[in-house]
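These notes are about the structure you will find just below.
The values are calculated or read from the model by the stated rules, or taken from the named source; none is laboratory data. Every value quoted in this text rests on a predicted model; they were computed, and no experiment measured them. Virtual Cβ from ideal backbone geometry, glycine too; neighbours counted across all protein chains shown. The area values use the complete protein model at the heavy-atom level, side chains included, leaving out ligands, DNA and RNA. Shrake-Rupley method; radii C 1.70, N 1.55, O 1.52, S 1.80 Å.
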2 protein chains.
Amino acid sequence: MLSGGRLPRRVRVVEVGPRDGLQNERAILSAGAKVAFIRRLAASGLPAIEAGAFVRPDRVPQMADSDEVFRALADLRGPVLSALVPNRRGMERALACGAREVAVFTAASEAFARRNINMSIADSLASFREVLSLARAHGCRVRAYVSTAWWCPYAGRIAPDAVLRVASALIEMGCYEVSLADTIGAATPGEVSALLERLGREMPAGGLAVHFHDTRGTALANVLASLLCGVATVDAAAGGLGGCPYAPGAAGNLATEDLLYMLHGLGIETGVDLEAVAVASRSLGDALGHPLPSRYLAAGPLRAGRAAGDAGAV
Amino acid sequence: MLSGGRLPRRVRVVEVGPRDGLQNERAILSAGAKVAFIRRLAASGLPAIEAGAFVRPDRVPQMADSDEVFRALADLRGPVLSALVPNRRGMERALACGAREVAVFTAASEAFARRNINMSIADSLASFREVLSLARAHGCRVRAYVSTAWWCPYAGRIAPDAVLRVASALIEMGCYEVSLADTIGAATPGEVSALLERLGREMPAGGLAVHFHDTRGTALANVLASLLCGVATVDAAAGGLGGCPYAPGAAGNLATEDLLYMLHGLGIETGVDLEAVAVASRSLGDALGHPLPSRYLAAGPLRAGRAAGDAGAV
């Protein structure tokens, strides 16, 4: 049941639209448009915004201007801005731009790690040690993403023990949080519970976050299962930015607006103004070339009062 | 938690696409197209299909050919076909076409009842007595919809006691099941649990079904909450047919494919072939004039194997 205090009182929403969202959009926004977008998101009260990625510009052109974006936001108060960094070189760029938090990324699936980052999981972990040394030296926090935490597009179902191994290693080397990602949006709530219960028994409380994709519509149900397992940090992208690279035309990231609507309805505090996030999403307007997938954006807020009806509306 | 046998082993999926779905679409399909669609849905193993409505054709032109549709499906084996009937006249038409099950509809909100069916709730209940007498005399089952079970577009939040009053009255007068509808897609899982727990204490087990709209993305999370409260009958519409008359352009019915994907992932039996439902939805093709909202339809089934990737996919 959902009563009896089994839900967290507060959830930290990590906004990944400007990085994970924009990285998976065909359109490439200018640095100026990105900065404006991030400023609007910051105005909503979002506590954490993933604002760029210091990766190879030839591989991820959408993120080629991350240095410029971070420098333009040097004055921003409010959210912690983070950047994805694959290695020490990316970390050095992030530090040069004043980033106070970075995120590294690996996978629970060996097959996915080899295809996505061209390394074994073990080699990726080894490469993060340099990032973590630099981070410690500069007072910068490091988060880690573990992709394919439930299903892999190459290897199929992933065993919870595989996730536990890599997640534990990341915490032990100094990452403050591990975000478990359902990369292809295939997980369902029972699998989510099973993994979180397994990890929860062996890892420090509060070290886990979840990152669901709505590719088959299960993201919010998976969030609910996660909340019931005590997870209190949830990633989402404004408007549901960022499609699924594994299923062209399909939905990708969970939409921040849809997440906030459910969390607030559950009585959970986030410190975020839902309508202000919607304003930020809508400001992207036609720049993306397609409507945003967020259900909330298509529907708008609840408005008691006159409304069109239909005979036999159920 | 989702382990420990707290979920039903089996869920009955009630397919409302051909009625609730098509009724809320702008396009009007021919009787032939409706019949073909229903035959494809039947082939998937769906146990119950709401195939039409015997309402005033001037008010609901999409359903004007329900008599013809039912007669054309007289030979269909497998699912029980039901029809929406507002009153005795509609019931007589349904019986003349061989319908074995009908559904009546009312609301938990007085304001909604008056605007939607031009009656008080009490008067609507009184009008159902004739329907139920006819049903008993002809061995026909009667289901009841209670719309605005959580939120009303005119009156705002609806008290659980209001729902209990009307739901109890419907069961007492002989309806075999009450489907609680989140008409404007505003409910969140805590509210869902609270209502179902209240009703569950006072009403016969197995008499409740849920009918969620995905207008703000909460439908599947609400289904999960319902399953945890012991509900084992869930309404959905193939492809997510039927927008929201209260929020133009917004999503309406929960998509049957998305529902089945989650139920099957939870290990719950339905007797329904998900891919066959998807085939039926896709067969509607361009007839509707817009893409169907189902997330699953946009993504397709899980396919382990070669897939396109992207550096830093999370």
Quiz item: If you take every DSSP beta bridge whose two residues both sit in the protein assembly as shown, what share of them, in percent to the nearest 5, is antiparallel?
Solution: 10 percent
Practice problem: Quick one: divide the alpha-carbon radius of gyration of the stretch B:112-164 by 2.2 N^0.38 Å and tell me what you get. | Solution: 1.33
Quiz prompt | Shape metrics for chain A, restricted to C-alpha atoms - Rg then Dmax, Å | solution = 18.8, 67
Self-check item: Relative contact order, percent, chain A [alpha-carbon distance under 8 Å, six or more residues apart]
Solution: 20 percent
Practice problem: Calculate the tail of P(r) for the stretch B:200-314: the fraction of all Cα-Cα distances greater than 24 Å, expressed in %. | Solution: 35 percent
Quiz item: Residue separation times 0.36 nm, minus the C-alpha to C-alpha distance between B:Asp273 and B:Arg59: what's the value?
Solution: 73.6 nm
Quiz item: After finding the eigenvalues of the alpha carbon gyration tensor for the stretch A:76-144, what semi-axes result from the square roots of 5 times each, listed largest first in whole Å?
Solution: 24, 12, 9
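Counting other C-beta atoms within 10 Å, and keeping those with at most 16, which DSSP coil trypsin sites (Lys or Arg not before Pro) do you find in the stretch A:1-65?
Here the trypsin sites (Lys or Arg not before Pro) that fit, given the DSSP loop and packing criteria, are A:Arg6, A:Arg9, A:Arg26, A:Arg59.
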Quiz item: Taking the Cα centre of each part, how many Å lie between the stretch B:200-278 and the stretch B:45-109?
Solution: 21 Å
Practice problem: Enumerate by residue number the trypsin sites (Lys or Arg not before Pro) in the stretch B:71-107 meeting two conditions: DSSP loop (anything except H, G, I, E, B), and at most 10 other Cβ atoms within 10 Å of the site's Cβ. | Solution: B:Arg77
Practice problem: Could you pull the Cα extents of the protein assembly as shown along its three principal axes, largest to smallest, in whole Å? | Solution: 82, 45, 44
Practice problem: Using a 1.4 Å probe over the heavy atoms of the protein chains, calculate the carbon and sulfur portion of the accessible area of the stretch B:91-136 as a whole percent. | Solution: 50 percent
Quiz prompt | Quotient of C-alpha Rg and 2.2 N^0.38 Å, computed over the stretch A:89-242 | solution = 1.01
Quiz prompt | Built amide H within the under 5 Å cut-off of A:Val14, gap 5+ | solution = A:Val234, A:Asp235, A:Ala236
Self-check item: Cα extents of the stretch A:7-156 along the three principal axes, largest first (Å)
Solution: 41, 37, 35
Quiz item: How far, in whole Å, is the nearest Cβ of chain B from the axis relating it by rotation to chain A, and which residue carries it?
Solution: B:Ala221, 2
Practice problem: May I ask for the percentage of alpha-carbon pairs in the stretch A:51-92 that lie more than 16 Å from each other? | Solution: 33 percent
Self-check item: GNM top mover of B:Ala219, B:Ala162, B:Ala99 - chain B, alpha-carbon springs below 10 Å
Solution: B:Ala162
Quiz item: So, counting K/R as plus one and D/E as minus one, what does the shell of residues with Cβ under 14 Å around B:Ala287 add up to?
Solution: +2
Quiz item: Counting DSSP beta bridges with both partners in the stretch B:23-170, what percentage is antiparallel, nearest 5?
Solution: 10 percent
Quiz prompt | Environment charge at A:Ala209 (Cβ cut-off 11 Å; Lys +1, Arg +1, Asp -1, Glu -1) | solution = 0
Quiz item: What net charge do the residues around A:Arg40 carry, taking every other residue with its C-beta under 14 Å from that of A:Arg40, with Lys and Arg at +1 and Asp and Glu at -1?
Solution: -1
Quiz item: Direction-averaged shadow area of the convex hull around the Cα atoms of the stretch A:242-290, nm²?
Solution: 4.2 nm²
Quiz item: Quick one: which bits of the stretch A:102-129 get at least 50 Å² less accessible when the partner protein chains are in, versus the chain alone, with a 1.4 Å probe?
Solution: A:Asn116
Exercise. Could you pull out every residue, at least 5 positions away or on a different chain, whose amide H is within less than 5 Å of the one on B:Tyr154? Hs are placed 1.01 Å off N in the peptide plane, and Pro or chain starts have none.
Key: A:Gly305
Quiz item: Quick one: if the Förster radius is 22 Å, what FRET efficiency do B:Ala159 and B:Ser120 give, using the C-beta to C-beta distance and rounding to 0.05?
Solution: 0.85
Quiz item: Using a 1.4 Å probe on the protein chains only, how many percent of the accessible area of the stretch A:166-279 belongs to carbon and sulfur?
Solution: 51 percent
Exercise. At a probe radius of 1.4 Å, figure out the B/A buried accessible area, summed over both chains, and give it in Å² to the nearest 100.
Key: 5900 Å²
Quiz item: What percent antiparallel are the DSSP beta bridges of chain B, to the nearest 5?
Solution: 10 percent
Quiz item: For chain A, with every protein chain kept in place, what is the accessible area per residue (1.4 Å probe, Å²)?
Solution: 35 Å²
Practice problem: Only Cα pairs under 8 Å and at least 6 apart count here; give the relative contact order of the stretch B:111-165 as a rounded whole percent. | Solution: 31 percent
